[in-house]
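Colleague: So that we are looking at the same thing, I have put the structure below in structure tokens.
The values are calculated or read from the model by the stated rules, or taken from the named source; none is laboratory data. Predicted model, so just to flag it, every value in this text is computed and none were measured. Cβ: placed from backbone, ideal geometry, glycine included. Neighbour counts: every protein chain shown. Accessible surface areas use protein heavy atoms only, side chains included; no ligands, DNA or RNA. Shrake-Rupley method; radii C 1.70, N 1.55, O 1.52, S 1.80 Å.
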Amino acid sequence: VRKNKHKSIFFFDSGQGGLTLWESVNQAFPLLNTIYLGDNARYPYGNKSSETILLYSQQALNFAVSQGAVLFIVACGTASSIVVERLQKNSPIPIIGVVDQFADFASEVTTKVCSIHSSYNGVSVLGTRFTIENGRLANLITNHKHLEVWQRACPLFVPLVEEGVTEGEIPESVCNLYLRDIPFNTSVILLACTHFPRLTVAIAQHLEKNLKRDVFFENAAGRILIKRCASKKIECPIILLDSSPTIIKFLSHFCLNENDLFENKHSFYCTDNELKFNRVAKFFVSHFSSDFEKIILS
Ligand code: DGL
């Protein structure tokens with residue numbers, strides 16, 4: 001691998017899913033130098049142990065540092081539930097993860113909603129099995145005592161997105177499997193896995209049908225209505241949140257006056273079959289034309 005000569009922001013994920021975050025950041029800061037690494041040789045992380053995820057993340061961090069990265073963003077919901085604090089101890093560069101950034105933001109949005117609709121103080125967290133069993137995000141949110149957290153592991157959402165099956169009968173049944181007992185007081189749902197923002201329509205349809213509420217999706221581009229409920233009796237909407245606004249907010253401070261971070265240089269790496277990686281990447285990023293280069297992490 002050529003040594004990267006440019007100061008860059010590094011995005012790390014187990015696969016292509018983190019490209020959803022990369023894309024939002026790229027739209028907010030089109031000239032920002034970025035490096036993206038998807039560890040598809042060892043994907044998925046969602047069902048692995050903490051030790052394994054830590055080891056893989058440490059290797060990714062070593063690679064990031066060798067490439068001149070100035071910030072390591074753990075774009076993977078699963079890895080960011082465990083690695084950020086532990087890797088930070090011996091890291092020469094700062095590390096942030098989607099999970100930690102998410103908790104305060106989610107609490108802020110939910111608190112705003114329940115200042116109008118006081119009984120809707122529920123935050124629901126959807127993630128991989130690891131993210132949910134690890135419970136870090138839920139714990140961070142329950143620090144805000146007025147909020148109630150419900151969480152559910154949704155492992156089948158990941159292959160659905162990978163296969164491009166994001167609308168129709170199959171995602172509908174899977175939503176029913178995972179979301180049928182989502183609490184009525186939910187006002188905010190955290191999409192705490194890289195893949196889930198691609199399922200917002202299916203999730204919104206399920207919620208509209210079963211909870212009779214309007215459903216919005218909020219990301220860095222703003223808040224948009226996904227599903228209007230014709231027969232709604234309850235005024236409080238449900239807001240699906242992804243983590244991009246918090247990362248963008250962080251970057252807008254971090255990159256202030258760092259002119260050499262804005263040279264529009266981008267590199268993309270994966271750890272296994274780059275042809276397959278490029279094919280799946282198109283489910284995550286519209287008009288993606290860059291090619292991934294394969295590297296070996298050790
Ligand atoms: N990137 C993972 C996450 O955000 C999903 C895929 C996996 O299990 O590795 O949790």
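Colleague: So what is the calculated 222 nm ellipticity per residue for the chain, using -39500 (n - 2.57) for each DSSP H run with n of 4 or more, over all residues, to the nearest 500 deg cm²/dmol?
Modeller: Estimated from H runs of four or more residues: -12000 deg cm²/dmol.
Colleague: May I ask for the equivalent-ellipsoid semi-axes of the chain, computed as the square root of five times each C-alpha gyration tensor eigenvalue and listed largest first in whole Å?
Modeller: They are 32, 20, 18 Å, listed from largest to smallest.
Colleague: Follow-up question, since we're still on this one. Please report the antiparallel percentage of DSSP beta bridges with both residues in the chain, rounded to the nearest 5.
Modeller: In the chain, approximately 10 percent of DSSP beta bridges are antiparallel ones.
Colleague: On to the next question. What ranking do 218-224, 202-208, 39-45, 106-112 get when scored by the average of other Cβ atoms within 10 Å per residue, highest first?
Modeller: Top of the packing list down: 202-208, 39-45, 106-112, 218-224.
Colleague: Evaluate the Kirkwood expression for the hydrodynamic radius of region 173-219, namely the inverse of the mean inverse distance over all pairs of different C-alpha atoms, and round to one decimal in Å.
Modeller: 11.2 Å
Colleague: Largest first, what is the accessible-area ranking of PHE250, PHE72, PHE184 with a 1.4 Å probe?
Modeller: PHE184, PHE250, PHE72
Colleague: Here's a follow-up. Among the aspartates and glutamates, select those whose C-alpha is under 15 Å from the C-alpha of LYS294, and discard any that sit fewer than 8 residues away in the same chain.
Modeller: ASP13, ASP39, ASP272, GLU274
Colleague: Still on this model: Would you work out which of PHE216, THR110, ALA138 lies farthest towards the positive end of the dipole of the chain? Charges go on Cβ: Lys and Arg +1, Asp and Glu -1.
Modeller: THR110
Colleague: Can I ask one more? What is the distance, in nm, between label points placed 7 Å from the Cα along the Cα-to-Cβ direction at ILE295 and at GLU133?
Modeller: 3.0 nm
Colleague: Quantify, in whole percent, the carbon and sulfur part of the accessible surface of the chain (1.4 Å probe; protein heavy atoms only).
Modeller: 51 percent
Colleague: Rounded to the nearest 20 debye, what is the charge dipole size of region 1-159 about its Cα centre when +1 sits on each Lys and Arg Cβ and -1 on each Asp and Glu Cβ?
Modeller: 400 debye
Colleague: I'd like to know which of ASN62, SER49, PRO197 lies farthest towards the positive end of the charge dipole of the chain, counting +1 on Cβ of Lys and Arg and -1 on Cβ of Asp and Glu.
Modeller: The residue sitting most towards the positive pole is PRO197.
Colleague: Moving on to the next point. Placing unit charges on C-beta atoms (Lys and Arg positive, Asp and Glu negative, everything else neutral), compute the dipole magnitude of region 93-249 about its Cα centre in debye, rounded to 20.
Modeller: 420 debye
Colleague: Using a 1.4 angstrom probe, figure out how much accessible area the chain has per residue, in square angstrom, rounded to the nearest whole.
Modeller: Computed with neighbouring chains in place, this is 44 Å² per residue.
Colleague: Can you tell me which of 234-241, 275-282 comes out highest on packing, and rank the rest after it, using the mean Cβ neighbours within 10 Å?
Modeller: 234-241, 275-282
Colleague: So if we plug the beta-carbon distance of ARG152 and LYS209 into 1/(1 + (r/R0)^6) with R0 = 22 Å, what FRET efficiency do we get, rounded to 0.05?
Modeller: According to the calculation, E is roughly 0.80.
Colleague: With a point put 7 Å past each Cα toward its Cβ, work out how far LEU256 is from GLU51 in nm, to one decimal.
Modeller: 4.4 nm
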